[in-house]
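The values are calculated or read from the model by the stated rules, or taken from the named source; none is laboratory data. Keep in mind the model is a prediction, meaning the values are calculated, not measured. Here the Cβ is made from the backbone with ideal geometry for all residues, glycine too, and neighbour counts use every protein chain on show. Areas reflect the complete protein model, heavy atoms only, side chains present, ligands, DNA and RNA absent. Shrake-Rupley method; radii C 1.70, N 1.55, O 1.52, S 1.80 Å.
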Amino acid sequence: MTAATIYPKAGSEILTFVEQNSGQPVKRCFQCAKCTSGCPTAYAMDLTPRQVMRAVQLGLEQELVNSSAIWLCLSCKTCAIRCPVEIDVSQVMGAIRQRAQSQGIQPAQPSVAAFHRLFLDGIRQAGRVNEFMLGARHNMATRNLFANASLLPALMSRGKLPMMTRSIRGLSEVQAIFQHVAEMEAGEPGQEAHH
């Protein structure tokens, strides 16, 4: 069996897109792997954070937009804290997710994509997330109604999973942010994307 040689694509579209849309200097990554060694979900990713960075540098767009890694990133910023050249890999992952969505590519992890959408819906509606409702809605969306049901009694008895959550003060400001983002994504006149 022979290994295929991969050659970098100078000035590739994915590299340009990611740098512009993430605001991160991807070309500065020198593959120290500190992002991967600190990432809490790297063990479950098909491409580790370091490999994602290298794939962007090499212009491997199809491998990136079809990967599970972009959907498993928690955006916890551990990578950004550890990076010696101050690259926030979670911003890179977000730009690749955006690229995949713009191409109509279905997420490699549909349940994770549903979680992202439901999480943001909760923020939009109340300014914070109600974990009980998020879990219930996620179970319904993924047709796995009783997932983690055995954990409910213990969590609820300790007050760790309240059923009701009040909206935050300043909810209208949060909703205005969502509205502004929707206008930017729709490309309405007078709206500029800032990253």
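Structure summary
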read-out: Hits in region 57-85 (condition: within 11 Å of the chain's Cα centre (by Cα) and among the aliphatic types (A, V, I, L, M)); value: Ala69, Ile70, Leu72, Leu74
read-out: Residue pairs meeting the criteria (Cβ under 7 Å; at least 6 apart or on separate chains; first of a type in the set (A, V, I, L, M), in region 89-115; second outside any helix (DSSP H, G or I)); value: Val92/Gln24; Met93/Cys73; Ile105/Asn66; Ala108/Asn66; Ala108/Ser67; Ala108/Ser68; Ala113/Pro107; Ala114/Thr142
read-out: Search result, residues across region 112-126 that are closer than 22 Å to Cys73 by Cα and open to solvent by less than 50 Å² (accessible area, probe 1.4 Å); value: Val112, Ala113, Ala114, Leu118, Asp121, Gly122, Ile123
read-out: Qualifying residue in region 177-190 (condition: at pLDDT 85 or above, open to solvent by 60 Å² or more (accessible area, probe 1.4 Å), farther than 28 Å from Pro25 by Cα and under 24 Å from the mean Cα position of the chain (by Cα)); value: yes
read-out: Tally, over region 98-111, of residues that are open to solvent by less than 60 Å² (accessible area, probe 1.4 Å) and either within 29 Å of Ser172 (Cα to Cα) or small (Gly, Ala, Ser) (or both); value: 4
read-out: Complete set of residues in region 145-166 that are at pLDDT 80 or above and either open to solvent by less than 80 Å² (accessible area, probe 1.4 Å) or aliphatic (A, V, I, L, M) (or both); value: Leu145, Ala147, Ala149, Leu151, Leu152, Ala154, Leu155, Met156
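Okay, residues lined up against (1) assigned to a loop (DSSP other than H, G, I, E, B); (2) of a type outside the set (Lys, Arg); (3) within 30 Å of Lys27 (Cα to Cα):
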{"position": "Ile81", "(1), (2), (3)": "no, yes, yes"}
{"position": "Arg99", "(1), (2), (3)": "no, no, yes"}
{"position": "Phe115", "(1), (2), (3)": "no, yes, no"}
{"position": "Leu120", "(1), (2), (3)": "no, yes, no"}
{"position": "Ile123", "(1), (2), (3)": "no, yes, no"}
{"position": "Leu134", "(1), (2), (3)": "no, yes, no"}
{"position": "Leu161", "(1), (2), (3)": "yes, yes, no"}
{"position": "Arg166", "(1), (2), (3)": "yes, no, no"}
